[in-house]
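Undergrad: Shown below is the structure under consideration.
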Amino acid sequence: MHELGIAASILESVQSEALRHPGGRITKVGVKIGELCGVDRDALQFGFEVLVKDTEWEPVVLDLEYIPRVQRCSKCAHQFRMTDFDPQCPQCGEFLTDCIGGEELDIAYMEVDE
Amino acid sequence: MNRIEVEKKVLNENQILAEQLRERYRQLGVLCINLISAPGSGKTALLERTLERMDKGSRVAVLTGDLQTENDAKRLAKFGFPVKQITTGGTCHLDAKMIGKHLEDWKLEDLDLLIVENVGNLVCPSSYDLGEDAKIVLLSTSEGEDKPLKYPSIFLKSELMLLTKIDLLPYVPFNADVARENARRVHPQMEIIDVSSTTGEGLDRWMEWLRARQERAKAKLQTATVPH
């Protein structure tokens, strides 16, 4: 339910990046959405489209990349994709594993037509 | 076409403000906690019991967030500590800017503990860093045991879970063991304290947790100010 605010923050980033490319035009912004970040991708995509519609930013496409939750084993350092909230290391059986991916809500890249 | 790698947080502006707040708290040895739960899990009731148990001279203040009304601030002001309502007017969470704005006419150096009561919502508040030292999530026995699995983000980011309304256990079909197990599946290292704001059960442990964290905030301050 806060996706529109998130979309507005993404658009602000696009606008400030655009200032650094006078004469250029931003065509795409890539955003990483972690499994755990609490943001719904469809609602975010919709919110962004609504925000840019009929504005000079309309050509900007939002490219969302989903990042699954990844854990690292504190014992054997094995990295694995966590499914069904089972934190146990599939390699050595250790239960103490740390979340190292899946919390992202990051702008990854932008594409500019210079 | 030119591709630029950006690699910055979407909520970068909020993050910058949150880090500024965190640094101010750190420099002054203020402990800031952010209470988050679904509506009706007992955040305000817990705060009433918490403030009631504080010594009169305690340097504590509360910022309480809601979409509308000053009701919570009125409930909490009775205890004599500074309380301010943040009315978001519809926004489903607090952000760092709102906190900074509402702190403007308070002197942070006069505080040891700043309690932020977030808007009742398990989803959006988890995305917004308020500069707090710890997020604390409340889950009540009148909700479902599977909430930690349904809303993993906030349970993962919280250091402590308060299992509230524990006095209702005999009357509700809530399995506390399953709830704790679900919480630990999402966040194995999270501390859990069972509390009841009605009977007072578990409140001593909660107050002790708060005291220990306040001491830690002060200890950090002393280490930071020891002359070399």
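Undergrad: Please go through region A:42-78 and give me each residue that is within 20 Å of the chain's Cα centre (by Cα) and within 17 Å of A:Gly101 (Cα to Cα), ordered by number.
TA: Matches in region A:42-78: A:Leu64, A:Glu65, A:Tyr66, A:Ile67, A:Pro68, A:Arg69, A:Val70, A:Gln71.
Undergrad: May I pose another question? Suppose we filter region B:39-71 for residues that are surrounded by fewer than 21 Cβ atoms within 10 Å (Cβ to Cβ), part of a loop (DSSP other than H, G, I, E, B) and either in contact (Cβ under 8 Å) with a residue 40 or more places away in the chain or of a type in the set (Asp, Glu) (or both); how many remain?
TA: Result for region B:39-71: 7.
Undergrad: I would also like to ask the following. Is it true that A:Ile100 is surrounded by 19 or more Cβ atoms within 10 Å (Cβ to Cβ) and of a type in the set (Val, Ile, Thr)?
TA: Values: surrounded by 19 or more Cβ atoms within 10 Å (Cβ to Cβ): no; of a type in the set (Val, Ile, Thr): yes.
It is false that A:Ile100 is surrounded by 19 or more Cβ atoms within 10 Å (Cβ to Cβ) and of a type in the set (Val, Ile, Thr).
Undergrad: Identify the single condition in (1) within 14 Å of another protein chain (Cβ to nearest Cβ); (2) closer than 30 Å to B:Leu17 by Cβ; (3) surrounded by fewer than 21 Cβ atoms within 10 Å (Cβ to Cβ) that B:Val178 does not satisfy, given that it satisfies every other one.
TA: (2)
Undergrad: Right, another one. Just one of the numbered conditions (1) of a type outside the set (Asp, Glu); (2) under 30 Å from A:Arg81 (Cα atoms); (3) not in a loop (DSSP other than H, G, I, E, B) is not true of A:Leu36; which one?
TA: Going through (1) of a type outside the set (Asp, Glu); (2) under 30 Å from A:Arg81 (Cα atoms); (3) not in a loop (DSSP other than H, G, I, E, B) one by one, A:Leu36 breaks only (3).
Undergrad: Within region B:3-26, take every residue that is in contact with an Asp or Glu (Cβ under 9 Å, 6 or more places away or on another chain) and over 25 Å from A:Leu44 (Cα atoms) and give me the one that is surrounded by the fewest Cβ atoms within 10 Å (Cβ to Cβ).
TA: Looking at the filtered set, the residue picked out is B:Glu19.
Undergrad: Of (1) farther than 18 Å from B:Val10 by Cα; (2) surrounded by 18 or more Cβ atoms within 10 Å (Cβ to Cβ); (3) touching a Pro at 6+ places or on another chain (Cβ under 6 Å), A:Phe80 satisfies all except one. Which?
TA: In the conditions (1) farther than 18 Å from B:Val10 by Cα; (2) surrounded by 18 or more Cβ atoms within 10 Å (Cβ to Cβ); (3) touching a Pro at 6+ places or on another chain (Cβ under 6 Å), A:Phe80 misses (2) alone.
Undergrad: Same structure, new question: Check region B:41-50 and report whether any residue there is modelled with pLDDT under 95, farther than 22 Å from B:Asp129 by Cα and among the acidic types (Asp, Glu). Even if it seems obvious, please write down each step before you answer.
TA: Going residue by residue through region B:41-50, those that are modelled with pLDDT under 95 are none.
Within region B:41-50 (the criterion being modelled with pLDDT under 95, farther than 22 Å from B:Asp129 by Cα and among the acidic types (Asp, Glu)), the answer is no, since none of the residues qualifies.
Undergrad: Test of understanding: among B:Gly65, B:Gly89, B:Gly29, which residue is touching a Leu at 6+ places or on another chain (Cβ under 9 Å), within 14 Å of chain A (Cβ to nearest Cβ), under 30 Å from B:Asp204 (Cβ atoms) and of a type outside the set (A, V, I, L, M, F, W, C)? Let's see the steps before the verdict.
TA: Details: B:Gly89 fails: under 30 Å from B:Asp204 (Cβ atoms); B:Gly29 fails: within 14 Å of chain A (Cβ to nearest Cβ).
Only one candidate passes the filter, namely B:Gly65.
Undergrad: Taking A:Cys37 as the residue in question, decide whether it is surrounded by 13 or more Cβ atoms within 10 Å (Cβ to Cβ), among the hydrophobic types (A, V, I, L, M, F, W, C) and at pLDDT below 90.
TA: Judged against the criteria, A:Cys37 is a match.
Undergrad: Still on this model: Filtering region B:122-145 down to residues that are within 14 Å of another protein chain (Cβ to nearest Cβ) and among the β-branched types (Val, Ile, Thr), which residue is farthest from B:Ala217 (Cα to Cα)?
TA: B:Val123
The rows are residues; the columns are (1) more than 14 Å from the chain's Cα centre (by Cα); (2) of a type in the set (Asp, Glu); (3) exposed (fewer than 14 other Cβ atoms within 10 Å of the Cβ).
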| residue | (1), (2), (3) |
| --- | --- |
| B:Leu139 | no, no, no |
| B:Glu145 | yes, yes, no |
| B:Leu149 | yes, no, no |
| B:Glu159 | no, yes, no |
| B:Asp167 | yes, yes, no |
| B:Tyr171 | yes, no, yes |
| B:His187 | yes, no, no |
| B:Ser196 | yes, no, no |
| B:Gly202 | yes, no, no |
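The values are calculated or read from the model by the stated rules, or taken from the named source; none is laboratory data. Remember, it's a predicted structure, so these values are computed and weren't measured experimentally. With ideal geometry, Cβ positions are generated from the backbone for all residues, glycine too; neighbour counts draw on all protein chains shown.
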